[in-house]
Structure formats: C-alpha cells, structure tokens
Amino acid sequence: MSAQLIDGNALAQHWREQVARDCVALQARGVKPGLAVLLVGDNPASQVYVRNKVKACEQAGLHSVLEQLPADLSESDLLARVHALNRDPLIHGILVQLPLPDHIDAHQVIEAIDPAKDVDGFHVASAGALMTGLPGFWPCTPHGCMKMLESIDYPLSGKHAVVIGRSNIVGKPMALMLLAQNATVTICHSRTVNLKAMTLQADVIVAAVGQRNTVTADMVKPGAVVIDVGMNRNEAGKLCGDVDFEAVRQVAGHITPVPGGVGPMTIAMLLVNTLESARRTLSV
Ligand code: GUN
C-alpha cells in the first residue's frame, strides 16, 4: 500500500487564495495588510526566501516592503529600523530574516519587535501565548503542519505524536500545538536513546532535524502520518527532507513530500498571520 500524499503546493494555494479574498474584504474596511521583511547581508539562501515571501504577499494583494540592509549594519541601527516599523501604521507584520550576521544578537532584535506585529511568532510573548493558549501568532512552519493535519481530517485527540527536533522555531511549538489538540506528545532530539523505539509507537511523526534519512521505513508504524519539515540536499544536490520518502511512503498512511510539502505552507501561514494582525487592528 502506498501512502496518500499531502500536497503542500495545492493546500498553500488554497490558503493564499483565501488570504487574497479576505484581503479585499479588509481593504473595503480601510485596512490593507502590510508586511515588512528585513534582510541583513547577502546570504544567497536568505535572499531566495525573502524574495519568495515578498512575491507571495504581492500575489495575495498585501502591501509588502523589503529592506535589504548591508552586512555590516550595526545592531543599534537594526533595532532603530525595527522600532520605526513598530510605529508604522501601514505595517502589520515585521519579519527579520534569520540567520543574522554574527555581530548582531538575534534575541535582542526579535524581542524588539512589537508582539502585535510578530507574524513569525518568534517573540517570547508569542511563545508564551502558544504555551498558555492565549491569542498570539504561531510560528509559520508548525502552523502550516497543523493545517496539513487538519486537511486530512485526522483527529489528533488521544493519538501519539512524535516530534523529532526541539528548535524554538519548529520542534517546541509543534509539540505545543499537537498537545493543544489533545495528542500525547513525545519530543525526540539528538540525545534521544533509540529513536526507532519511539517512532514505531507514533501515530504521527513530525521530522524537523535537518538531516536526511533520519526517518527510514523500519521506523514507521504502518498507516502513520508522516510530516517532513526537513530541507536538505542529497549527494546529487537534489532537495530532500528528513524522511526516506520513497521507502516510507510504502508504509505510512499519509506523507508530505519535499519539495512541495511543508515549505509552501510556511509562506502561506506568513500571509495568514499578517492578515490576522491587520484584522486585529480593527477589533481593538
Ligand atoms: N530563516 C529560515 N526560516 C525562517 C523563518 O521562518 N523566519 C525568519 N525570520 N527567518 C528564517
């Protein structure tokens, strides 16, 4: 039996169209959602990411500003830019692309963002809101994973979810989101002893470690849902995830591909969060 694919491209397109429609409705009420993206330096991968984010905004009818700043920009100058955007009424979301150059403390910069505009969901206020179930912004990648699970109508209550990876951006928020849906959650990481013993118990596996072939077919319970957050290259330079896709798809019930899985959903959720931020300015 071959797993059903969860098509991230199609689902992301659905969300982008939904945002575009909601954006028109919001504009009729006088608010055009606006996102500011700050890129410091010329990291080629970051340049591609931010260009895709800005393009997605434009396609959905959002206002977007891309500020490309020099690699030697001082931390205080970057903080000044963030403070100015915090005050800008046309901007509802602020995204500082990571990684930042070594001389800049990323924590200081993220904490300078007004939590009401933290559409990346990286601020401690956003993390605290997620932990306590208060309204805030969810980090885009795990948010996208949850939408993928919703799309297959998979009831998470009582299911065992194993999250591999404990980053602040994916693993930890992912675990909290699954927990909020009443899943029993196990977080595994590089020091986990016998990862296979854990994953074999899982109804849902979320792989977010950044290492290919972390999840192989012998580690997956037949019928499990496998979400692959990884973004790696194989020896031929081809994009691949953390999951041995061709083998695991023979065992799993549902699986996300790479490319065309979680990646497009991350950008779609950035638009969803920015729209939501703009909406909140009307309801306060
Ligand atoms: N670098 C890689 N992914 C991300 C992301 O989702 N947000 C930001 N700000 N930087 C990133």
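The values are calculated or read from the model by the stated rules, or taken from the named source; none is laboratory data. Note that the structure is predicted; figures quoted are calculated from it, not measured. Methodologically, a virtual Cβ is constructed for each residue, glycine included, from the backbone with ideal geometry; neighbour enumeration extends over all protein chains shown.
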Original post:
Among (1) in contact (Cβ under 8 Å) with a residue 60 or more places away in the chain; (2) surrounded by fewer than 16 Cβ atoms within 10 Å (Cβ to Cβ), which single condition is VAL206 missing?
Top reply: (2)
**OP:** Name, by its number, the condition in (1) within 16 Å of the ligand (Cβ to nearest atom); (2) hydrophobic (A, V, I, L, M, F, W, C); (3) closer than 25 Å to ARG280 by Cα that does not hold for VAL229.
**Re:** (3)
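For (1) within 21 Å of the chain's Cα centre (by Cα); (2) within 16 Å of the ligand (Cβ to nearest atom), each residue gets a yes or a no:
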residue: ALA3; (1), (2): no, no
residue: ASP7; (1), (2): yes, no
residue: ALA10; (1), (2): yes, no
residue: GLN18; (1), (2): yes, no
residue: VAL24; (1), (2): no, no
residue: SER46; (1), (2): yes, yes
residue: TYR49; (1), (2): yes, yes
residue: LYS55; (1), (2): yes, yes
residue: LEU66; (1), (2): yes, yes
**OP:** Kindly indicate whether ALA161 is of a type in the set (Gly, Ala, Ser), surrounded by 17 or more Cβ atoms within 10 Å (Cβ to Cβ) and over 15 Å from the mean Cα position of the chain (by Cα).
**Re:** yes
**OP:** Scan segment 199-206 and give yes if some residue there is among the small types (Gly, Ala, Ser), modelled with pLDDT of 95 or more and out of contact with any strand residue (DSSP E or B) (no Cβ under 7 Å at 6 or more places or on another chain), otherwise no.
**Re:** no
